[in-house]
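Data first, discussion second: the structure below is written as structure tokens.
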Amino acid sequence: MTTLREALQQAHRAGRALGHFNASDLVALRAIAEASRELGSPVLVGASEGEREFIGVRQVAALVASVRDEFGQPIFLNADHTHSLEKAEEAARAGFDEVLFDGSRLPFEENVGQTRRAVEAIRAIDPGIVVEGEIGWIGASSEVHESAPEGLERTMTTPEEARQFVEATGVDVLAPSVGNMHGLLQSMVRGESEKHLDIDRIRRIQQATHVFMTLHGASGTNARDLADAIRAGMTIVHINTELRLAWRRALESALARDPSGVTPYKILVGPLQAVKEVVRSRLQLFHGSAGSSG
Ligand SMILES: [Zn+2]
């Protein structure tokens with residue numbers, strides 16, 4: 001069975017990206033697994049601290065492992081945005097393939113120190129686990145916001161600080177700030193605006209670090225920018241808010257269609273299909289980017 005590290009190497013060489021989609025319940029998990037299986041695309045399931053708390057750390061690991069075992073499918077699990085060493089070690093022991101230790105809210109030196117300690121602790125549990133670190137501010141939550149969080153422009157990652165961070169911490173994967181942002185703005189939900197990325201910055205950070213890179217907060221990003229970012233070196237792309245929005249809209253219309261319905265597995269078919277459709281269209285974009293022009 002392919003490991004996450006091998007899947008990342010294959011994607012990077014081919015100029016493609018692995019889609020990373022968050023799950024906090026069986027609806028999202030099934031949607032992600034089915035879309036990935038139908039397209040034959042490797043995929044990362046993300047579970048943040050909050051999502052892990054809801055579904056259960058060992059439970060989400062067992063669910064992903066059972067899909068991988070039953071279908072022989074390259075489906076991997078990431079402990080998304082982990083803020084403490086304790087939670088990082090808990091996920092590593094539960095069998096996660098990747099841990100994102102997120103010290104991006106700390107001053108740079110403190111982030112370096114804590115991330116380096118997390119890398120050592122996780123490797124001591126299992127050297128095969130892929131460890132990601134994060135620098136630069138891209139906002140906190142995958143929700144729909146009225147306005148962009150303060151300071152996004154000011155905290156874009158420079159190639160030099162990226163190089164220092166990677167050298168000092170030994171992370172396998174870097175999450176930089178390059179114009180991306182967690183969540184969506186109301187104007188993006190209405191289809192009036194899109195996120196744009198600093199492609200040249202991505203290329204220069206890649207040249208300065210030579211590690212895999214993750215694009216966080218990619219929901220609502222201009223499609224051409226996404227394809228260019230992948231070609232410039234982004235090997236993992238995170239989509240969360242788009243799934244949450246699709247889930248909520250489909251749930252509202254399922255309940256409106258059947259106001260007296262009480263059977264969860266009937267009501268939740270709509271949300272499952274809606275989330276699956278978003279995953280499917282994003283996987284097609286991330287995989288097709290190598291061949292497209294511009
Ligand atoms: Zn993120």
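For 115, 263, give me the order by solvent-accessible area with a 1.4 Å probe, most accessible first, ignoring ligands, DNA and RNA.
Numbers: 115 0, 263 45 Å².
The ranking, largest first, comes out as 263, 115.
Which of the three applies to region 197-237, rounded, prolate or oblate, going by the alpha-carbon gyration tensor with a ≥ b ≥ c and a/c under 1.5 meaning rounded?
On the way: a/c = 2.24, a/b = 1.59, b/c = 1.41.
Since a/c reaches 1.5 and a/b is larger than b/c, the shape of region 197-237 is classed as prolate.
Any chance you could give the angle, 0 to 90 degrees and rounded to 10, that helix 57-71 forms with the longest Cα principal axis of the chain?
Rounded to the nearest ten degrees, it is 80.
Just reorder 160, 132 by solvent-accessible area, largest first, 1.4 Å probe, all chains present. Walk me through the numbers on the way to the answer.
Numbers: 160 85, 132 0 Å².
Descending accessible area places them as 160, 132.
Run the quick spin-label model on residue 249 and residue 200: label points 7 Å from Cα toward the beta carbon, then report their separation in nm to one decimal.
Spacing of the two 7 Å Cα→Cβ label points: 3.5 nm.
Leaving out ligands, DNA and RNA but keeping every protein chain, what accessible area does residue 235 have, in Å² rounded to the nearest 10, with a 1.4 Å probe?
The value for residue 235 is about 0 Å².
Could you give the Stokes-Einstein D for region 153-194 in µm² per second, using the C-alpha Kirkwood radius, 20 °C, 1.002 mPa s? Write down the numbers at each step before the final one.
Working: Rh = 12.5 Å.
The diffusion coefficient I find is 172 µm²/s.
Just want the answer: with Cβ charges of +1 for Lys and Arg and -1 for Asp and Glu, which residue in 100, 219, 155 is farthest toward the dipole's positive end in the chain?
Looking along the dipole axis, the top candidate is 219.
Any chance you could look up the accessible area of residue 119 with a 1.4 Å probe, heavy atoms only, rounded to 10 Å²?
So the heavy atoms of residue 119 present about 10 Å² to solvent.
Which of the lysines could a cross-linker bridge to residue 266, judged by Cα under 18 Å and excluding same-chain residues fewer than eight apart?
The reachable lysines, counting only those whose Cα sits under 18 Å from residue 266, are 276.
Which residue fluctuates the most in the chain, going by a Gaussian network model with Cα springs under 10 Å, if the choices are 252, 277, 49?
Of 252, 277, 49, the Gaussian network model singles out 252 as fluctuating most.
Kindly state, to the nearest 0.05, the FRET efficiency for residue 158 paired with residue 69, given R0 = 35 Å and r defined as their beta-carbon distance. Provide the component values of the computation, followed by the final result.
Numbers: r = 43 Å, r/R0 = 1.23.
Result of the calculation: an efficiency of 0.25.
Cα convex hull of the chain: mean projected area in nm², to one decimal?
Details: hull surface 59.3 nm².
Averaged projected area of the chain's Cα convex hull equals 14.8 nm².
The values are calculated or read from the model by the stated rules, or taken from the named source; none is laboratory data. Since the structure is predicted, the reported quantities are computational estimates derived from the model, not experimental observations. With ideal geometry, Cβ positions are generated from the backbone for all residues, glycine too; neighbour counts draw on all protein chains shown. What goes into the accessible areas is simple: the full protein's heavy atoms, side chains included, and nothing from ligands, DNA or RNA. Shrake-Rupley method; radii C 1.70, N 1.55, O 1.52, S 1.80 Å.
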